[in-house]
Each structure stands twice: as structure tokens, then as C-alpha cells.
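Worksheet: one structure, shown below.
Here, each number is a calculation from the coordinates, and none is a lab measurement. This one's a predicted model, so the numbers in the text were calculated from it and none came from an experiment. Virtual Cβ from ideal backbone geometry, glycine too; neighbours counted across all protein chains shown.
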Amino acid sequence: MSLEIPQLIARNQAIRRQKELFASGGVPDAAVVSDMIAASWFRSRACGLPPGHIFPSPLPEQEFRQALEHGRELLESAAPLMQKLFDAISGSRSVIGLADTSGLILHTVGPEESLKRLAAFTEGYRATEKSSGTNGIGTCLVECRPLEIIGCEHYAEQASGWCCSAAPIMRGKELFGILNVSIELEHYHRHTLGMVAAAAYAIGEQLHLRRLLGQQRAMLELIDEGVIFLDGRGFISAWNDKARAMLQAQDLRGREDLPSIRELIRESPLLDEVLTARKALHDQETTLHLRQAALNCVLSASPLGNCSGLLLTLRETRRLRDYAARIMGAKAIYTFDDMLGDSPAMREALRLGHIAAQSDITTLILGESGAGKELLAQAVHNASARRGGPFVAVNCGALPPGLVESELFGYEEGAFTGAVRRGRAGRFELADGGTVFLDEIGEMPLDAQVSLLRLLQEKELTRVGGGRPRRVDIRVIAATNRDLEEEVRARRFREDLYYRLNVLTIRLPSLRERPGDLPVLALHFLRRLGAASGRKHLVFSPECLESLTRYHWPGNVRELANAVERAIALTEGSVISRLDLPAAYVPSPAPRGIAPHGCATLRAQEREAISEVLRANGGNVRAATQSLGIARSVLYRRLRRYGLTPDIWRKRTGE
């Protein structure tokens, strides 16, 4: 028995007398009862609790189970430390209790005899001041600091033979629970409170660590790349779901005995070098040979501080290429719904286009410049199974001859002067999983044609300056406005490549071959371009539409779109007239069969057209505007521009 016990018993008796005084309505002596205990007694009485024996009711079983589930994190963090603390003080017949922030006791550790004696302060009971009066757990919830409730300081009489040492469990600045140790009074020791405070602090640190680990796990899963932590032996200590999926090891999820990285990656000279030298590595493209497949990825590695572990990150090459393709705008936006026209030649081209979309058949599109070859290629891509992949368009005629192969097939580091560090993927790699559209294929240099032929046959390429072939999954659509058969005969195009490309040929008709489609196309461009410029209600005059129909359109659909856009910009009214068209589109501007005079310039031609219309209509401005398809205000501006007046023709017709 400690030397402090006699003094403790005498103090307890003095507190009992003060408690009896308090029960009879008196005020406790501050020299005997501390301010903290007196304040708690008053709070307890204000809750309607009379001093003496208090018999609170336990929580219903279903509610208690729900509370246990809600407090699982606190329980899992505290239970091991509570057991260690009990093992250290088990000789004192103590009871250790854990309560949540509502005062509900979630877990207790102690001898069965002691638990029975403290039945109202065990699992399932709420030990707040409101329900049980002054006690270690309830008063600690109020004070939020380590404290002791000794003997008769307890409000409930059945707890007067016990000493409670309680401390708040804090996670950072957040109160998370209360840890309490109840010891029989004769076993009281002044160091008990320090042990409880230290244990509560350790539980709080465990909770803080769990939160950090949870945040780290969440961050790892949010990262769109595989993350792997290796110990000094090369065994996996932690990884995210993305890494498991990339290494085809989803079956290992949840296992504690994680394998060595070499069990999952059977062959990789680059990884072997990293593991042996423990050196940092940044964004090195490589192929990892797994248990049943190969993974093309970008590998990075970083040593973990002073320890012998490593952090690896894996990024799928295809996903990086998809991202790069999106940044480059490698996306098809047109579909077959955008292919307008009902001429027999156009219907046949669309029929073959739909056939091409049903498989990965190599397709060659023939047609004049501006006929819509890329639009058709995009429509085929968007109707195919590759619609979710990139669409990379390459104009072979626009690439400098010396850079064609490096642009198309990529290059390795040091392949030539000016090559970027770590090399660069070419257009074919960026299109992996999608479609490459090779426009003006007839202008591709012969050297590049050899590499293209191998790509089409083997589905693999080799970067400039590299020696390792790379597999790519692409569909090739080529187009040209040249006669490739003539190019083959002139030895400017490889015969074997021609036959490899010419599997399914689609010929797009020129615009002059389908004059019946021109009004539909012209109105389509007028609606689309007019809406884009904020002028949705524009229309063509009949004479303007007739001029468009008669023109021969060497630039095809592209030239038509440009002509409509120009007319929208020039017209000042709501009707686009033939005066808003370039002179070349109006070979005979005079209306109603009046023969035009030769005009040296567009302005002279426009002046003569206005003059002829006014002459034919006797100077009637209203009739002239209807004939020309322009507003009256526009006609008057044109008359002022050329120094004309309708009165001239009115007088002449009157003579």
C-alpha cells in the first residue's frame, strides 16, 4: 500500500462531508473541494440527478452496434494500446474504458469481477455528466484535459470507492474520444494519470497516422499512373490499383504477402539496371515483359531517401499518346451526316464509305483538291470501331522531304542534330488505337514509302535512329488528287505500296460533276457560316444562286465554302446578290437577257450591271432592287459610289 493512501482516505472522508453538505443545499468548501469538482456537481444537479446511487440505462443493442461501426477507426486504433496498458497495471484490478465524443463507452478491458462492480460504466452505457453525474469520462468531455476523479468526488455513490484517471484523445485539434482508467481507491497511484495521458496521446498519433495513410491511399488511387513502392530486396511494399492493373496482378489485391517485382516483370533490362544501381530514372520509354503479355510504358524511378527502397511510376504509352493527340487536336469531328449530296456519284462514294467503316480495311480516297477527302476519312473513322481513338491527319505534301520519316515514325535521342532529349513519338505512334489519314500520299518521298509499306504489312515501326521495332495498332486511310498509276509508271511511287494501299478505293466526285448538289451545299454553308457571324437570316437571290450553279468550281467544295463566307462578309442587306460574288463567278451579269458590255474591272462591271437594270426598268428603283436581289439602301449607296441617279433613265424613257 502506498504511503499516500492514509492521506487519501482522510481527504476522501472530508469530501464526503462536503458532498453531504452540497446534497442538503449548502455550498462546498473551496479549500476541500476543487473548483472543477464543485462546478461538475452543480452541472450534475442541474441535469436533475440527485446525489447518491444512479442507475443509467444501457443503449439498445441495435443502436450500440451502429455506434461501434461508426467508431471503428477509434476502436481499431485504441484497442491494442488499451491491452498493453492493462498488461502493465493488471495487478491493480483496474478497468480501462474507451468512450466516443458522445460519452458512449465502446470498449472496456479489465477483470470480470471489477467490470461487474462498475456495471454502469462498461460497454453500452453513456458516461456523460448528464446521465451519470461527475465521473472521469463525462467530466473530461467537458474539461477536455487530463484529470482525476477520486473517491467521493464522483457524483454517483456506487463509484465512490474508485479513482478515475481520464484523458482526451485528440486527432490534431479534433476531440476524437476519451480514455479512462478506473482503479480501486486502495490501489491509487499518482503516476496513473500520466500513463493514461501518454496512452491517449499515442492513440491520437495512431489516428493521425491512419488519416495520413488514408489520404495517401486516396491520392495514390487518384493518380492516373501506376505507383509502386519497393523495399531494399525488390519486394513490393505498397502499390495502387492502377499498378496492379497494368502489371495484370488484380488477383493480388488485398494480400499482405506481396511478391517481388521480378515475379511480375519477367524481363526488363532497364528495370534490372534500376534495381541494381538504385539510381533515379525519369520518363524512360520501355517494354516490360509480364507473366503473360508485354507492357509498353514510360518508367520513372526514385530512391526513397536514406533507405534502400525505390519508388516506381508507370505510365501507359498509349494513354500518353492519346493525351498528346488530344493536345494536337487529333480528333475527327465530321460524320456521314455532314456529307451532303444526292448525285449518283456521291451516293456511291458514301456507300463505299460505310463499307470501309465496318472493318480496318486499308482505304484509298481519290478526288480533286477541295472535294472533301478528309471529311470522308473523318466520317469513316467516326462510324468505325475506332471512333474512341485518335484521328491523326498528315499532309504528306506539306512535310519537308528531309523530315518526313522523323515526323511520321518518330526518332530516338541523338538520331540527328537538333533531336530532342529522350526522342519523340511520330504521328503513327500518336495515332495508336485510332486512324491515320495520309493526305496527298502521292507526294511522299520514296524513302518514307519503304517504311510505310513495312508498317502496313507488319503493324510495327522503327523510329529514326532506333533499332527496336514498336507495335502499333492503327488504321490507315490515304488520299490523293494524283493519278497513282501514272506515278508508278514514272517510278515516283512504289508499285508494291500502291497495291497495298489500293485495297478499297473510293472516288469522290468533283463539284462540277454533281451540279444538282450545289444549291444544297451553298445553303448549308450559308446557314452555318451566317450563324457563326451572327447573321442567321441571310438568303441568296435567285440570280446569285443561278450564278453559283453555272460556275465550274475548280476548287470544289472548299472553294464554294470560301465564296459563301466572302459573300456573307460583303453583303450589306439580308439578301446576297450576284454583286456580292467575285467577278469570275458572274460571267454574264446583265439581267433579263440584256447583253453586257465588256468591263475591264469588277467595279466597272458592277456599275454597268446597275445601269442596265435601271435602264431596263425605266429608272424604277423598287423594280431594280427586286431584279438585283439587294435592299433599296444598298442600291442607293452603290449609285452614290458611281455618281449615278435613277433620274437619268426616267428622263430617257420619257423622251
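Take 134-146, 56-68 and order them by the average number of nearby Cβ atoms within 10 Å per residue, most first; the result is 134-146, 56-68.
Working from Cα positions, state the angle (0 to 90°, nearest 10) between the long axis of helix 446-458 and the longest principal axis of the chain. In the chain, helix 446-458 runs at an angle near 50 degrees to the longest axis.
In the chain, the longest principal axis of the Cα atoms and the axis of helix 602-616 are about 70 degrees apart. The structure shown yields log10 I(q)/I(0) by the Debye sum over Cα atoms at q = 0.05, 0.09, 0.10 Å⁻¹, and of the options [x] -0.25, -0.78, -0.94; [y] -0.55, -0.88, -0.98; [z] -0.40, -0.90, -1.01 that calculated value carries the label [y]. As a proxy for reagent exposure, I648, I265 were ordered by neighbouring Cβ count within 10 angstrom, fewest first; the result is I648, I265. Assuming a ≥ b ≥ c are the square roots of the Cα gyration tensor eigenvalues, decide whether the range 358-507 counts as rounded (a/c under 1.5), prolate (otherwise, with a/b larger than b/c) or oblate. Oblate is the answer for the range 358-507, as a/c is 1.5 or above yet b/c matches or exceeds a/b. The helix-based estimate of mean residue ellipticity at 222 nm for the chain, built from -39,500 (n - 2.57) per DSSP H run of four or more residues and divided by its residue count, is -13000 deg cm²/dmol to the nearest 500. Between 0 and 90 degrees, the angle of helix 61-70 with respect to the longest Cα principal axis of the chain falls at about 60 degrees. The order of the peptides 106-113, 543-550, 360-367 by mean Cβ neighbours within 10 Å, most packed first, is 360-367, 543-550, 106-113.
Spin-label model, M219 to S24: label points 7 Å out along the Cα-to-beta-carbon direction sit 6.5 nm apart. Fraction of C-alpha pairs exceeding 27 angstrom in the range 5-214: 27 percent, rounded to a whole number. Taking a ≥ b ≥ c as the square roots of the eigenvalues of the Cα gyration tensor, the range 224-321 is rounded, since a/c falls below 1.5. Since only I203, Q449, V634 are under comparison, the one whose Cα sits farthest along the positive direction of the charge dipole of the chain, derived from C-beta charges on Lys, Arg, Asp and Glu, is V634.
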